[in-house]
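J.: Handing you this structure, nothing more for now.
Read-outs throughout are calculated quantities, based only on the coordinates presented, and are distinct from any laboratory measurement. Bear in mind that the values here come from a model prediction, so they are computed numbers and not experimental data. Neighbour counts run over all protein chains shown; Cβ positions are idealised from the backbone, glycine included.
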Amino acid sequence: MFKEIIDKIKEYDTIVIARHIGVDPDALCSQLALRDSIKLTFPEKKVSAVGTGSAKFIPIGRLDRLEKYENALLIVCDTPDQKRVDSASTSDFQYSIKIDHHPFIEKFCDFEMIDEKKTSTCEIIMEMIRDTELLCNSSIAELLYMGLVSDSNRFLFNSCVPSTFQLISYYLDQYPFDLSKAYEKLYLRPLNEVRLEGYLSTHMKVSENHLGYVVIMDDVINELSVDSAAAGNMINDFNYIKEILVWATITEDKKNNQFRVSIRSRGPEINQVAEKHHGGGHKFASGVKTKTLEEAIAVMEDLDLLLANYNQEISEG
């Protein structure tokens, strides 16, 4: 399947690489790494990586300005459905390709490569570069490693299998880079975010069915001087709390008049609950955006019901 993608890359002189709204390291690193690899391999091509950036991820790399092009190729990374594509529309391009590791929601590109078993979209692109004529260097390898590390939560998820580590070993051997600096780019954070983490842990509500969640309103965000996305980015910090199996953050995003709900699970599959509320994601890592706090609380109620059924099934054996 990589051949179809490489053939299209060769065919087009202008290529735009997009990803999902609400940027995260896998989405950003996959599009930046693919951009840089194509430019390294085909210097004559115009290749752009577009989307709304985040100050938090400036150390990782910078995006390009979206322009209007004719006869251009669009590659969408790490995005399962059309409504979540940031800053680009397939209708504006002659041909479109999707590269993704999320569960399938809808087909919106001309060619789609989806592998749910991979840790990340970066892992798919690592395989594509290794197995095709696309070129790589240490900075590209570092980007791909950061995306894989972030989406696997530092190799804690079951999607990490022997081939994952073999792939990483290959890249570290062929394109060595400073691991400590890569982790610094991902995880160095200001003191106010550490204080936000303390707020999350002290204000988390826990149900008898082992659902934990915390609501972060705009006044708290302003008081701590943090970005509205910061709480959702901390969701993986609460993986191993004994008393909870599913946990979530509900963050008010006053600028966009919405609430961001980030959900993780160590037990039941949660993506169907997210999809019911017009969100989505992976079986154990999903998200939803709602217009009101009441709608966000309704998501929590459905998660609690999911847990009640899950716990009963476990007890019955």
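J.: Skipping prolines and chain starts, which residues have an amide H placed within reach, meaning under 5 Å, of the one on residue 112, given they are 5 or more residues away or on another chain?
T.: Residues meeting the amide H criterion: 98.
J.: Given R₀ = 25 Å, FRET efficiency for residue 163-residue 3 by Cβ-Cβ distance, to 0.05? Spell out each step's value before the answer.
T.: Values: r = 20 Å, r/R0 = 0.81.
My answer for the efficiency is 0.80.
J.: Among all the lysines, which ones have a C-alpha under 24 Å from residue 68's C-alpha, if same-chain residues fewer than 8 places away are not counted?
T.: The qualifying lysines are 8, 10, 39, 45, 46, 83, 98, 107.
J.: Per residue, what volume in Å³ does the Cα convex hull of the chain take up? Kindly include the intermediate steps, with their values, before the conclusion.
T.: Working: hull volume 43.3 nm³, N = 317.
Spelled out: Cα convex hull of the chain, divided by residues, is 137 Å³.
J.: Residues of the range 229-260 with the amide nitrogen closer than 12 Å to a label point 7 Å from the Cα of residue 222, along Cα-to-Cβ, please.
T.: 254-255
J.: If you put +1 on each Lys and Arg Cβ and -1 on each Asp and Glu Cβ, how big is the dipole of the chain around its Cα centre, in Debye rounded to 20?
T.: Values: 35 positive and 50 negative charges, 117 e Å.
Once rounded to the nearest 20, the dipole reads 560 debye.
J.: In addition: So if we plug the beta-carbon distance of residue 276 and residue 154 into 1/(1 + (r/R0)^6) with R0 = 25 Å, what FRET efficiency do we get, rounded to 0.05? Provide the component values of the computation, followed by the final result.
T.: Values: r = 30 Å, r/R0 = 1.21.
Calculated transfer efficiency: 0.25.
J.: So what is the relative contact order for the chain, in percent, with contacts set as C-alpha pairs under 8 Å and at least six apart? Please list the in-between numbers first.
T.: Numbers: 567 pairs, mean separation 37.9, N = 317.
Once normalised by length, the contact order is 12 percent.
J.: Next question, about the same structure. Between residue 313 and residue 106, how high is the FRET efficiency from 1/(1 + (r/R0)^6) when r is the Cβ-Cβ distance and R₀ = 25 Å? Nearest 0.05. Write down the numbers at each step before the final one.
T.: Details: r = 30 Å, r/R0 = 1.20.
Approximately 0.25, to the nearest 0.05.
J.: Using a ≥ b ≥ c from the Cα gyration tensor of the range 131-183 (square roots of the eigenvalues), is it rounded, prolate or oblate, where a/c under 1.5 gives rounded and otherwise the larger of a/b and b/c decides, a/b for prolate? List each step's numbers first, then the result.
T.: Values: a/c = 1.96, a/b = 1.29, b/c = 1.52.
The shape class here is oblate.
J.: Who wins for biggest fluctuation among 225, 262, 37 in a Gaussian network model of the chain, springs between alpha carbons below 10 Å?
T.: In this elastic network of the chain, the residue with the biggest mean-square fluctuation among 225, 262, 37 is 225.
J.: Would you mind calculating the gained length between residue 131 and residue 89 on full extension (0.36 nm times residue separation, minus the Cα-Cα distance), in nm to one decimal? The partial results should precede the final answer.
T.: Values: separation 42, 0.36 × 42 = 15.12 nm, distance 2.91 nm.
Computed gain between residue 131 and residue 89 is 12.2 nm.
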